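Values quoted throughout were computed directly from the atomic coordinates according to the rules given, and no laboratory measurement underlies them. Remember, it's a predicted structure, so these values are computed and weren't measured experimentally. Cβ placement follows ideal geometry from the backbone for every residue including glycine, while neighbour counts extend to all protein chains displayed.
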Amino acid sequence: MASGHDDELTRLREERLAALQKQAEEQARAQLESEERSQLESQEKAHLSQAMKTILKPEARERLARLELSRPELADEVRKQLAGLHENGQIAVPVSDESLKTILASLDSGKRESTIRRI
């Protein structure tokens with residue numbers, strides 16, 4: 001009887017150990033994937049940052065940096081679009097601050113402007 005009880009405990013321990021090993025492997029795989037993703041993102045950001053140095057004039061880069069403080073997703077979108085246009089030769093380099101304003105206005109045209117009227 002004791003032998004059957006010991007066998008049951010051994011089996012349960014082995015199952016638990018196997019489950020813990022599987023969980024540890026899954027966590028390690030998820031962490032590795034996360035690290036790879038973050039490394040790719042940082043490389044992409046570095047590439048875009050370098051590209052902006054050649055595509056934009058200093059004033060336009062400053063405007064884009066200020067935009068990133070308030071609306072980082074829009075700034076990233078603009079960077080990606082400018083890099084794509086530059087790679088395809090569809091944009092005159094370097095882009096001035098006025099040209100960047102025009103580009104930003106066209107991208108942000110969907111935003112509804114609100115006004116406050118006093119009665």
**OP:** Determine, for LEU107, LEU9, the number of other Cβ atoms within 10 Å of each Cβ, and report the residues in order from fewest to most.
**Re:** LEU9, LEU107
Subject >> Cβ-Cβ FRET estimate between GLU68 and ARG37, R0 fixed at 30 Å, reported to 0.05 >> reply: 0.90
**OP:** Can you tell me the dipole magnitude for region 28-106 around its Cα centre, using point charges on the Cβ only (Lys, Arg +1; Asp, Glu -1), in Debye to the nearest 20?
**Re:** 200
Subject >> Sorted by Cβ density within 10 Å, fewest first, the residues LEU104, LEU56, LEU17 >> reply: LEU17, LEU104, LEU56
Subject >> Within the chain, helix-based [θ] at 222 nm, where runs of 4 or more DSSP H residues each add -39,500 (n - 2.57), nearest 500 >> reply: -28000 deg cm²/dmol
Original post:
Once the piece of chain linking SER96 and LEU20 is laid out straight, how much longer is it, given 0.36 nm per residue of separation minus the C-alpha distance between them?
Top reply: 21.6 nm
Original post:
How big is the charge dipole of region 1-54 about its Cα centre, in debye rounded to the nearest 20, if each Lys and Arg gets +1 on its Cβ and each Asp and Glu gets -1 on its Cβ?
Top reply: 360
**OP:** Just tell me which aspartates and glutamates come within less than 20 Å, Cα to Cα, of LYS53; anything on the same chain fewer than 8 places away is out.
**Re:** GLU41, GLU44, GLU62, GLU68, GLU73, ASP76, GLU77, GLU87, ASP97, GLU98
Original post:
How do ILE55, ILE91 rank when sorted from fewest to most other Cβ atoms within 10 Å of their own Cβ?
Top reply: ILE91, ILE55
Subject >> Relative contact order [Cα under 8 Å, 6+ residues apart], region 43-119, whole percent >> reply: 36
